[in-house]
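Chemist: Got a structure for you, questions after.
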Amino acid sequence: MKTLLSNAKVFTHGSFLETNVLIEDGVVFSLSDSISCLEADPSVSVIDYSGKYIFPGFVDVHVHFREPGFLYKEDIATGSRAAAKGGYTHVFTMPNLNPVPDSIENMNEELKAIHEKACVKVYPYASITKGEKGEELVDFEEMAEYFELLGDGRTDDFEKNTASHAIRLAGFSDDGTGVEDAYYMEEAMTRVAAIGGIISAHCEIKSILGGKNVHDGVLAKELGYRGISSESEWKMVERDISLSKETGCRYHVCHVSTKESVELIRKAKKDGVDITCETGPHYLLLNDEDVLKEVLKDKLENQDRAAEKNTGDGYKIKYGIGRFKMNPPIRSEEDRKALIEGIKDGTVDMIATDHAPHSLEEKSKGFDGPMGVVGLECAFPVLYTGLVRTGVISLEKLIDLMSIKPSERFDVEHGIETGMPADLTVYDLDEEYVIDPDTFASKGRFTPFEGRKVFGRCIATYVDGNPVF
Ligand SMILES: [Zn+2]
């Protein structure tokens, strides 16, 4: 089967080229300016994308799809559909599940669900410690060996593993909680280095956390909460940098949110430590003063129930203040600025959504509810509108942060080049609309970007040349 995506602006080898993409048998067969003979060929189905942009599909190294264990929040089918709708072709699922994927046996259910339900490439993380309890390490070697076998197609555990791509292991992570015991982290890094794996660390030290709802700043003061300290994040980043240096382990920091972490990582990179990091759209586009304004508005409106929660575009906010609660929390303007500097100078390598859906009932508890917001279906439009259209970074840079850098760091074969898997997404950058969570494929509805006016709509996503959205 041949498909020709014609007349689009295509991101290839780092820049945009107005060209045509011919897909054959799931791979990019060629990029070509002259297509007249192809258009006349009846075996080629031609799709005209004049005026549209084609990007390598986004790669999110940090999502929560909640299966197995918490299917009322999300599952592999809804999560991967949300990914496809947002332009993502690859997502890495975090292991805070039930059972926690801390052995091949405990990973079986998740692998089966991925095989049966995923419409994009879903790669699972295994945990670092048994049950993510921080008390006993997993058998890293056994898991690495198993996935190598899967990749070679030499195991018959899954009938469908003859699909064009085998499921591979994303890496190891105890996301949701920090590995507090330095002794375990050191041993984990030593062993993961030996198998050539990567550790993605959620950095958080419980004993110096402070509060549990919002950042220790203006918002915490106003609400009368004890705030979450910045130190609880960067102290662990600091420790892990020295462990990574010592062990040579490939090390990635999840959802960096503080200026101190950015500075530590900048220095570690200069020192030659094998370190990368991600941040999320909400840390780049919001600060705790923005959240405070929303809280105050909410209070006012609740006192005067006649007041409409209008955003000015005729859109009425439907979901509560829980849409601003995630871990780590939205920090100060200084932190946000440091993160922007970080993406500009390459200290912050990539943007991951930390897509973390919860039920309506759970999130309706506001700042007392669980941590986590959804992100897959609005990440690109909010970042494109907030950072590219305002001139903070270029469109090429945003694609680098969302597609190229994560694929390079996590060994994903990716890019719109001859011979590569046809994993790509098509965007209309001129379309303007308001983010409405009720249009999401995800089961989650809470996003801090609800009601935001954005540009950029995903109009198609292809995985191995097949349209999945
Ligand atoms: Zn986390």
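Chemist: Before we move on, is G272 modelled with pLDDT under 95 and away from the ligand (no atom under 16 Å from the Cβ)?
Modeler: In short, no.
Chemist: Okay, next question. What is the number of the single condition among (1) closer than 23 Å to E263 by Cβ; (2) within 13 Å of the ligand (Cβ to nearest atom) that W234 does not meet?
Modeler: Here W234 clears every test but (2).
Chemist: Here's another thing I want to ask about it. Out of F11, F29, which single residue is in contact (Cβ under 8 Å) with a residue 12 or more places away in the chain and touching a helix residue (DSSP H, G or I) at 6+ places or on another chain (Cβ under 7 Å)?
Modeler: Exactly one residue qualifies, and that residue is F11.
Chemist: Then there's this: Which residues, counting only those in segment 416-456, are crowded, with 20+ Cβ neighbours inside 10 Å, small (G, A, S) and touching a Phe, Trp or Tyr at 6+ places or on another chain (Cβ under 9 Å)?
Modeler: A422, G451, G456
Chemist: I'd like the full set of residues that are farther than 23 Å from E294 by Cβ and either more than 19 Å from the chain's Cα centre (by Cα) or within 16 Å of the ligand (Cβ to nearest atom) (or both), limited to segment 325-343.
Modeler: If the condition is that a residue be farther than 23 Å from E294 by Cβ and either more than 19 Å from the chain's Cα centre (by Cα) or within 16 Å of the ligand (Cβ to nearest atom) (or both), then E341 is the only one that fits.
Let's see how each residue does on (1) within 16 Å of the ligand (Cβ to nearest atom); (2) in a loop (DSSP other than H, G, I, E, B); (3) touching a Phe, Trp or Tyr at 6+ places or on another chain (Cβ under 6 Å); (4) of a type in the set (V, I, T):
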site: L5; (1), (2), (3), (4): no, no, yes, no
site: N20; (1), (2), (3), (4): no, no, no, no
site: P42; (1), (2), (3), (4): no, yes, no, no
site: E74; (1), (2), (3), (4): yes, yes, yes, no
site: K85; (1), (2), (3), (4): no, no, yes, no
site: T89; (1), (2), (3), (4): no, no, no, yes
site: E109; (1), (2), (3), (4): no, no, no, no
site: A113; (1), (2), (3), (4): no, no, no, no
site: E116; (1), (2), (3), (4): no, no, no, no
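Chemist: Say whether the condition of being in a helix (DSSP H, G or I), more than 23 Å from the chain's Cα centre (by Cα) and at pLDDT below 95 is met by at least one residue in segment 304-317.
Modeler: Taking every residue of segment 304-317 in turn, none turns out to be in a helix (DSSP H, G or I), more than 23 Å from the chain's Cα centre (by Cα) and at pLDDT below 95.
Chemist: Okay, moving on. Quickly run through segment 247-259 and pick out the residues that are hydroxyl-bearing (S, T, Y) and either within 15 Å of the ligand (Cβ to nearest atom) or in contact with a strand residue (DSSP E or B) (Cβ under 8 Å, 6 or more places away or on another chain) (or both).
Modeler: Y251, S257, T258
Chemist: Could you list, in sequence order, all residues of segment 22-40 that are outside any helix (DSSP H, G or I), more than 14 Å from P421 (Cα to Cα) and in contact with a strand residue (DSSP E or B) (Cβ under 8 Å, 6 or more places away or on another chain)?
Modeler: Of everything in segment 22-40, those that are outside any helix (DSSP H, G or I), more than 14 Å from P421 (Cα to Cα) and in contact with a strand residue (DSSP E or B) (Cβ under 8 Å, 6 or more places away or on another chain) turn out to be S32, D33, I35.
Chemist: Going through segment 237-246 one residue at a time, which ones are out of contact with any Lys or Arg (no Cβ under 9 Å at 6 or more places or on another chain) and more than 16 Å from the ligand (Cβ to nearest atom)?
Modeler: Within segment 237-246, the subset out of contact with any Lys or Arg (no Cβ under 9 Å at 6 or more places or on another chain) is 237-240, 242-243, 245-246.
Matches in segment 237-246: E238, R239, S242, L243, K245, E246.
Chemist: So V63 passes all but one of these: (1) within 16 Å of the ligand (Cβ to nearest atom); (2) touching a Pro at 6+ places or on another chain (Cβ under 9 Å). Which condition number does it fail?
Modeler: Exception for V63: condition (2).
Chemist: Pairs under 6 Å by beta carbon, first residue in a loop (DSSP other than H, G, I, E, B) in segment 423-447, partner aromatic (F, W, Y), six or more apart or different chains?
Modeler: Close Cβ pairs (under 6 Å, with a partner that is aromatic (F, W, Y)) amount to I435/F449; R445/Y319; F446/Y319.
Chemist: Conditions: (1) polar (S, T, N, Q); (2) surrounded by fewer than 17 Cβ atoms within 10 Å (Cβ to Cβ); (3) in contact with a Gly (Cβ under 9 Å, 6 or more places away or on another chain). S257 meets all but one. Number of the miss?
Modeler: The failed condition is (2).
Chemist: I'd like the residue in segment 318-331 that is part of a loop (DSSP other than H, G, I, E, B) and among the basic types (K, R) and, out of all such residues, is modelled with the lowest pLDDT.
Modeler: Checked segment 318-331; the qualifying residue modelled with the lowest pLDDT is K318.
Chemist: What number of residues within segment 170-188 satisfy the criterion of being of a type in the set (V, I, T) and near the ligand (Cβ under 9 Å from one of its atoms)?
Modeler: Within segment 170-188, the first condition is being of a type in the set (V, I, T), and the residues that meet it are 177, 179.
Now narrow it down to the ones that are near the ligand (Cβ under 9 Å from one of its atoms): 177.
Matching residues across segment 170-188 total 1.
Chemist: Take the residues in segment 203-222 that are within 16 Å of the ligand (Cβ to nearest atom) and free of Cβ contacts under 8 Å to residues at least 60 places away in the same chain, then tell me which one is farthest from S261 (Cα to Cα).
Modeler: By that ranking, first place goes to K212.
Chemist: Suppose we keep only residues that are charged (D, E, K, R) and buried (at least 21 other Cβ atoms within 10 Å of the Cβ) within segment 107-122. Which one would you say is nearest to the chain's Cα centre (by Cα)?
Modeler: K121
The values are calculated or read from the model by the stated rules, or taken from the named source; none is laboratory data. No experiment lies behind these values; they were computed from the predicted model shown. Please note: Cβ atoms are built from the backbone with ideal geometry, for glycine as well, and neighbour counts cover all protein chains shown.
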